[in-house]
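The values are calculated or read from the model by the stated rules, or taken from the named source; none is laboratory data. Source: prediction; values computed, not measured. Backbone-built Cβ (ideal geometry, glycine too); neighbour counts: all protein chains shown.
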Amino acid sequence: MINSLDKLFQFNQNALNVRAFRQQLLASNIANADTPGYKARDIDFAAALREAAEGRPVSATSLRVSSDKHLAGAAKDDPAAVLYRSVQQPSIDGNTVDMDMERNRFAENAVHYDANITFINSKIKTLLAAIQG
């Protein structure tokens, strides 16, 4: 019974984790809109969610070391691989953040996040109604 409940909510948990991570990236892009040389970052949400649903970890890049005295790199706990966004309209200072696109993606991601929360709440209410009779 517990395993079936866990499976029921696992997908939604993974989706919320990926959405929250994307929200942080988009907020970082908006915060650095005036930073010279800043490159806008995002994730491929569909691929990240597919990997999270299948339980596959995000492929982490390992550093090549040339000495035993080098420190080992720590694996990242990010739920998705971070990609650089292609430039739609380059700026003189090298910044690739387009504020209109970032605000749009930020708002869209927030709406989807809220929809996932609402969906989880409705599942919990349905389970409680079934338990209480």
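Tabulated values for the structure
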| item | result |
| --- | --- |
| Members of region 36-57 that are touching a residue at least 40 places away in the same chain (Cβ under 8 Å) and loosely packed, with under 13 Cβ neighbours inside 10 Å | Pro36, Gly37 |
| Yes/no for Asp93 being in contact with a Gly (Cβ under 8 Å, 6 or more places away or on another chain) and either acidic (Asp, Glu) or modelled with pLDDT under 95 (or both) | yes |
| Condition broken by Leu5, with the remaining ones in (1) over 30 Å from Ile131 (Cβ atoms); (2) part of a helix (DSSP H, G or I); (3) more than 8 Å from the chain's Cα centre (by Cα) satisfied | (1) |
| Leading residue by the ranking (surrounded by the fewest Cβ atoms within 10 Å (Cβ to Cβ)) among those in region 1-33 that are of a type outside the set (Ser, Thr, Tyr) and in contact with a strand residue (DSSP E or B) (Cβ under 9 Å, 6 or more places away or on another chain) | Leu25 |
| Residue selected from region 58-69 under the condition under 19 Å from Val82 (Cα atoms) and either of a type in the set (S, T, N, Q) or surrounded by fewer than 12 Cβ atoms within 10 Å (Cβ to Cβ) (or both), by the criterion modelled with the lowest pLDDT | Ser59 |
| Residue in region 33-42 that is modelled with pLDDT of 90 or more, farther than 26 Å from Leu5 by Cβ and touching a Ser or Thr at 6+ places or on another chain (Cβ under 6 Å) present | yes |
